[in-house]
1. Looking at the stretch B:376-387, can you tell me whether even one residue there is at negative phi and within 14 Å of chain A (Cβ to nearest Cβ)?
2. Give the residues of the stretch A:156-178 that are within 14 Å of chain B (Cβ to nearest Cβ) and part of a helix (DSSP H, G or I), sorted by residue number.
3. Could you check residue A:77 against (1) in contact (Cβ under 8 Å) with a residue 12 or more places away in the chain; (2) surrounded by fewer than 17 Cβ atoms within 10 Å (Cβ to Cβ); (3) closer than 15 Å to residue A:10 by Cα and say which number it fails?
4. Which residues, counting only those in the stretch B:334-345, are in contact with a strand residue (DSSP E or B) (Cβ under 8 Å, 6 or more places away or on another chain) and surrounded by fewer than 19 Cβ atoms within 10 Å (Cβ to Cβ)?
5. Can you find a residue in the stretch B:70-82 that is under 16 Å from the mean Cα position of the chain (by Cα), closer than 19 Å to residue A:12 by Cα and outside any loop (DSSP other than H, G, I, E, B)?
6. Tell me, which residue of the stretch B:388-406 that is in contact with a strand residue (DSSP E or B) (Cβ under 8 Å, 6 or more places away or on another chain) and crowded, with 18+ Cβ neighbours inside 10 Å is farthest from the other protein chains (Cβ to nearest Cβ)?
7. Which residues, counting only those in the stretch B:443-476, are out of contact with any helix residue (DSSP H, G or I) (no Cβ under 9 Å at 6 or more places or on another chain) and within 14 Å of chain A (Cβ to nearest Cβ)?
8. Please tell me if residue B:436 is buried (at least 17 other Cβ atoms within 10 Å of the Cβ) and within 14 Å of chain A (Cβ to nearest Cβ).
C-alpha cells in the first residue's frame, strides 16, 4: 500500500514518518502543500511541525492550503486521513475533527515519552492493538491540550471515538503524568466515520526499539491491515 | 564619496575603534574613511569578527589530523565519519544579546549556529547548548534561565532540529553576564561539502531570505565591549529570530548542496552583509561589488550604513553563474523565499559598495581581513593565586555525614537532573537519537553507515578560575571522556572561549594560559580543533566572569551495536572504578556546598594517564565487556554512583573497605573529590577478568567496589539510602523550592 505524507514548509516529521513506513516495508510519497494531487495514496498523513510557522494559531493557515481541499474531499469520501501533532491541530481547524488544541497546562513545551492506552481497536488505525493495550509513544508539543465542550466530549465517549488516552505506565489514570492537561486525558480521537484520526503523540518516533519503543509501528501496521482487507477506503485523485 | 573629515570620540566608540586604529586605517587607505567605510572597518576589526586579541593565541591550537576535512577558517569545521560522510560542527556564543533579552538572544544564537552548518550544505542533525547563570536560588537568574531555555526551544523545536545535549552551571561569577553557547552538528556527503569562497569574476551575488531591517546594527561591536547599566538600552542591537523562515532557507540550502550551479554559499551572521561579503570574496581571492539599493528592506529610509551593518537574521549570500541565477532563484521561490541579485564578483580584491550607483565604500579586502591590527596586551598572573591554591580543602571537618552530603550534592542545581530543562526541547525529531539527554554524551545514529556520532559539551570554570591552563585541559579531557563513555572515539573539537576584558592583563593571562591548556590536552588525546569562537568582554561594571572554556566534542562510533550507556543495566553486576583513586577536593562542587569557597589545588591531570584510561575504556566497550559506563565529574564517585543507579533504575551495594576504614575527611575526599581520568563501570562478573586484562595492558587501575541491584544505594559502614530518596533528591535540583 501507499501512504501519502503532506509537506508544508514548516513540516518536520515528514521524513520520520517516511522512515517508519520504510521500516514496515511499505511505500510513501510526499504531497506538497501547494498541490491538489493526492497521487493515488491509500492514507494521507498530516505530520508534525509548524506548517506555515503557526504564528497566528496552530494549523489556522494550513487548513486553507490547496492540498487540504483535496484532503477534505478525500476524507468526505471515506479516505483514511491521519493527523499527528500539528496534523491533529490542522484537522481540528479544518473541522474534520471536533474540539481544539490549546496551550499545554504547564505553559511549556513538552518532549518526553508518554503512555497511551488504546481506547478502541475499532478503527482502521488501531485494529492491530487490543483495546486497553498500553503503548509507549513520545510527545513533542507546546499546544496539545485537547479541549471541547462537555456535550462534545460526552458524544465522543458515547460513540467510542476516543482513540487514545494518556495514562500511567500500568494503564491507570494519568493524573500528573498528563503531558498537557487534556480534558479527560484525551490524546487522540477519530471522526464520526472513523476514517480520520487525530493524535498529539508521535507514533513514527516509536518505530524502532533502538530508539526506545517500537509500539508506534502497530498503528502503521493497523492501517496496512485495514487497507489490505478492505481495499482502498476511497480513491484519491491519481 | 563624502569623506569623514573629523571623527569624534563618540563615533569611534560606536564602532569600537581606538583613535590609533582609526589613524592606522586612514594611513593604509591614504585618506580618511567615509561613514560607511568607518562602520565596515569597525565591524571587521572588532574582536567578534577580526579576533584581534585572540588570533595569535589561537594559532597555537592543533588543527590538523587524518580525519580533518575542514579546519578553522570556514563557517564550520568538518571531520570524516566514514562511509563518505562528513560531520560538520561549530559552537558559538550569544552571550551579550542573551543577557539583555534572553529569549531572542538565545533563539538567534541557535539560528546563527544552524546557518553556519547548513551554509556548508550539511543538514543539521543536532543542537547542544552550554549555559551559565548566576545562583539558581535567585529569581532574577531563574528568569534568565527560563527565557534562554524558552528561546532555545522556541527556535530549535520549530525548525525541527533536535536539541540533544549541553550543560548548565550556576555560579556567582555569571550573575551579570550569563553565557549562552550553542553548538550545531550536521552531516553531509563529503563530495557535497559547500565552501564559502567566491570565484569567477562576473558571477552574481544573490542575497536570499529575510528582508533587511534595522535590527542588530552594531551587534558585532556590541559583543566586543563590556556590559554596563546602559546596556539594556542597547536592545536594538539584539536581533529577532524567525525559525520558520530559517526552516525554509535550510531546506533549500541543503537541497542545493553539491549542485554545480552553486559556486559558493555564506550565511549572514555578526556584522551582516559587511562581514559575509568580505569573507566570501576574500576567501576566494576575489573582489566584490554590491549596490545596497538592490537589497529588499523591511523598513523605509534605511541608509547604506544601516543596510551594510544590519544583523537581520535568516539571510544567506550565494554566488552563482549569471546563466544559473534564474533557475536558482526559482528554487527559493518554491519555498516562498525572496532573493535579490545585489552584486557581482570582481577580480579587484576590493569591496565596493554603491547606493543606487553612488559609491559609498571602496576598501581593499586585505585591509579588512589580513591587516586587522592585532592587540598584544600584557599578560599578568593575578596576585593572590598562590595563596588560594595553597589552601588545603581537606583541612576542614565535613559538616554532614557522607549520606547527607550525597543527597545535598544531588540536589545541587549544578549536579541534579536537567530533565526540567531538556523536556522543553524536542530532542527526538529526526528519529536518530539513540542516547537521550541525561547520559554522558548524546548518541546519534548515522543511518547510512550503521555507526554513530557522540556529542558533548563541557567546561568547568571553577577549575579554570585559579588555574586556567589546567582547567582548559580538564575541559577537553572531560568532554572526551563523555563521548568515550558511550563507546565513541573523540575525533574533533570545537571550542568557545568565554572570558572577560582582555585589555586587563590578568584576563589576557587567563586567555593565554587556557589556550595553552587546550593545546596540550588536544595534542595528548590526538583530537584536532576544527572550529571555534571567542567571546571576550564578559564583564559588567569591571567584574569579569571566571574564564570559561567550553569544549564541544564529537566522537565517532564505528558500530552502533558496540555502544554503552551510563545506567546500571542488570542486577548482580560488578561495579568497577576504572582509573585512579583520588581525593581532589579543590574547586569541587562539594567544596562549594560545604565550604562556600573555591580554593586549594586543582585536580591533578596526567595527560598520558588520561589517554590510556580512555583507550582502555574504549577497548572494553568495543569488546562488549561493559554493561554500563559513566564518566566521573562534578560530585565525584558518589554522584556518579547515584546517577548510574537512577538511570538504570536499580540500586547498588558497595563493600569496598577503603571507604569504611577511612577517616571522615578522607572519606569525603574519596567519595566526592573530583579527581580526573576516571570512569564508573559495571560488568557481568564473568567479564571482570577480561576488563582487568585490558586495563593491565594499558597500565590502568581497576578496583571492584561492589555489586549492582536492589533498591538501596549503600556503602557498607558509611551510608544506606533508599533509591527513591536518591532519585527524588536528584529530580528536585532544578525545581525552585
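The values are calculated or read from the model by the stated rules, or taken from the named source; none is laboratory data. Note that this is a predicted model, so its numbers are computed, not measured. We place every Cβ from the backbone using ideal geometry, glycine too, and count neighbours over all the protein chains shown.
1. Taking the stretch B:376-387 as the starting set, the residues that turn out to be at negative phi are B:376-383, B:385-387.
With within 14 Å of chain A (Cβ to nearest Cβ) added as a condition, the list becomes none.
Looking through the stretch B:376-387, none of the residues is at negative phi and within 14 Å of chain A (Cβ to nearest Cβ).
2. Within the stretch A:156-178, A:176, A:177 meet the criteria.
3. Here residue A:77 clears every test but (3).
4. B:338, B:340, B:341
5. No: zero hits.
6. B:402
7. Listed by number, the residues that qualify are B:444, B:446, B:448, B:450, B:451, B:452.
8. yes
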